[in-house]
1. Just checking, how many residues over region 76-103 are free of Cβ contacts under 8 Å to residues at least 40 places away in the same chain and farther than 25 Å from residue 173 by Cα?
2. In a loop (DSSP other than H, G, I, E, B), modelled with pLDDT of 80 or more, under 26 Å from residue 150 (Cβ atoms) and in contact with a helix residue (DSSP H, G or I) (Cβ under 6 Å, 6 or more places away or on another chain), is that true of residue 63?
3. Going by what's in this entry, would residue 110 be described as over 24 Å from residue 171 (Cα atoms) and open to solvent by less than 80 Å² (accessible area, probe 1.4 Å)?
4. For region 145-174, what are the residues that are closer than 20 Å to residue 112 by Cβ and open to solvent by less than 50 Å² (accessible area, probe 1.4 Å)?
5. Of all the residues that make up region 71-89, how many are within 20 Å of residue 151 (Cβ to Cβ) and more than 31 Å from the chain's Cα centre (by Cα)?
6. Do you know which residues across region 132-154 are in contact (Cβ under 8 Å) with a residue 40 or more places away in the chain and outside any strand (DSSP E or B)?
7. Does region 155-174 hold any residues that are closer than 28 Å to residue 82 by Cβ and assigned to a loop (DSSP other than H, G, I, E, B), and which are they?
Amino acid sequence: MADDKPSERRQVDEALGSTSSSRVHLDAGQDRLQALLDAVVDLSTDLDLRQVLRRIVDAACELANCRYGALGVLAPDGTVLAEFITHGITDEMRSQIGPLPRGHGVLGLLIKEPRPIRLPHIHDHPQSYGFPANHPPMESFLGVPIRVHDHVYGNLYLTEKVGAAEFTDLDEQIVVALAGAAGVAIDNARLYELTDRRRQWLQATTEISESLLGQVDRDDALRLIARKTREVSGCDVAAVLIENDVGDLVLEVAEGLEPAATESVRVSTNEPGLLADVLEQGVPMIVEDLAKEVYAGQSHVPVDVVRDLGYTALVPLNTPAGGVGVLLVSQRRETPQRVDGFDVELLATFANHVALALERVQAQADRDLVAVFEDRDRIARDLHDLVIQRLFATGLKIQGMVDPARRPDQAERLAALTDELDATIRDIRATIFELEYRPDRSDLRADIRDLAKEYASSFGFTPRVDLLGPVDSAVPIEVRPHVLAVVRETLSNAARHARANAVNVEVDVRGGRLSITVSDNGVGVGETTRESGLRNLRERAEALDGTLEILPITPHGTVARWMVPMGGGRLGVSAVQ
């Protein structure tokens, strides 16, 4: 019996040791479960999505007791990583490593097969892609997907287990549990972010609508729309393209782009392309990489404008009367933090309100323009009915005051006064024509006068210009270049050859014809060996079924008369009386 006591004592000691070891493991497990609960509670207290993602990575590394960790957020198409949030990698290390992973190798395996993966040596896996230069060494690996509802939002990647060669079963169970809680926290943060973003869009819509209720300049309105769109969307670039009368989309304003890159940008909607499709179909379009689409010939936007634009939303600006343009919202390709998907419904609602506001601004501008031209019409009627008639009556009275046979000296002075009144009447008539409405036309009267001023230095004086009839409203767009070319050529000939001290340019659009008469009091045409300038004038006239005459003036001088019909022929316009 005495011999049995030491054996019993040893059994008791071994039992006590085993119980003590079990208690240690139980205490350690309870500590890790408590740490997991603390991490879950910590995640639920934050509603900022970026902070939630950062806390998930930190908590996973702490719970699994590893050196490095990362959370890869999947792109909307679910095939690559759009974001990569790291733990244990310093900014200096990140800059030395280079571009962030996109989902190759073992990281990509977790994307294709969203289930937990645990490896003792990551290099031994056949899908291992290797590490770039300056990357810290990593052996053990644990990967766990994070699901939001039934959708895989991203993946947790943990490496370099501290104090052990590889991750344990318990590590995997704890990280899987954390990933489940992380999915709920991410969903809550996204819902809060969506609610807040909707509030911001509504606030921006209200602000734009209130701003456009009063008197506002169209360009200021477009700049306000682009600025608010960029601010609320959190993107790098916001641009507004408006359709003009010939079907081209004109880039009116672009927030976030250099002004030099956006000058005179026009995209034809008559040719196939992204913008034309958006405007024609009237529905928003999301483009993963706008620059790539442009380089592939899928859009006719100039390459310089979209060279570095990636993730992009193209939203039509629709009104009940039809589309008026496209709202472009885009991120630069190098932007590290990508927006969490465009809310197409919010963008479309915002764009519809913007389009209605723009339509109101245009209607307001049209009303103001109508008021201006109604006032001009009144002024023109007053000038014609009152001023011209009084001047004409005054001229008749002056002509009847003196008998030329008995008082020739007074008759000459009165004749001079009468000529001045006639010239004044012609100027007033020209002013009346200038008051007429000329939509989408250049100011031909001003162009002709400016052209005459250009030759002031050649002549030593400014040629006199008389514009008779509705020059701006009656001369077709396609004929205007001919008019300016004829005036320039005739003035150039007079400056080179005439040696005149008086030159007169008369453009007359009356009686169903357009005539340009340039006369001078110089030495005359004389003998010429070159007729290229006159030949050009004659060819221009013949192309429009017209004529050119070069005639001498007695006692000296030259007159050039270029005339084309306005009632038909190749001009194809009705006669203007």
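The values are calculated or read from the model by the stated rules, or taken from the named source; none is laboratory data. Since the structure is predicted, the reported quantities are computational estimates derived from the model, not experimental observations. Cβ atoms come from the backbone with ideal geometry, glycine included; neighbour counts cover every protein chain shown. With ligands, DNA and RNA removed, areas are computed over all heavy atoms of the protein, side chains included. Shrake-Rupley method; radii C 1.70, N 1.55, O 1.52, S 1.80 Å.
1. The qualifying residues number 13.
2. No: the conditions fail for residue 63.
3. Answer is no for this residue.
4. Matches in region 145-174: 145, 146, 148, 152, 153, 154, 155, 156, 157, 158, 159, 172.
5. 3
6. Residues satisfying the conditions are 134, 136, 138, 140.
7. Scanning region 155-174 gives a single hit, 167.
Matching residues to (1) within 21 Å of residue 110 (Cα to Cα); (2) crowded, with 16+ Cβ neighbours inside 10 Å:
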site	(1), (2)
49	no, yes
52	no, yes
60	yes, yes
66	yes, yes
75	yes, yes
82	yes, yes
87	yes, yes
91	no, no
97	no, yes
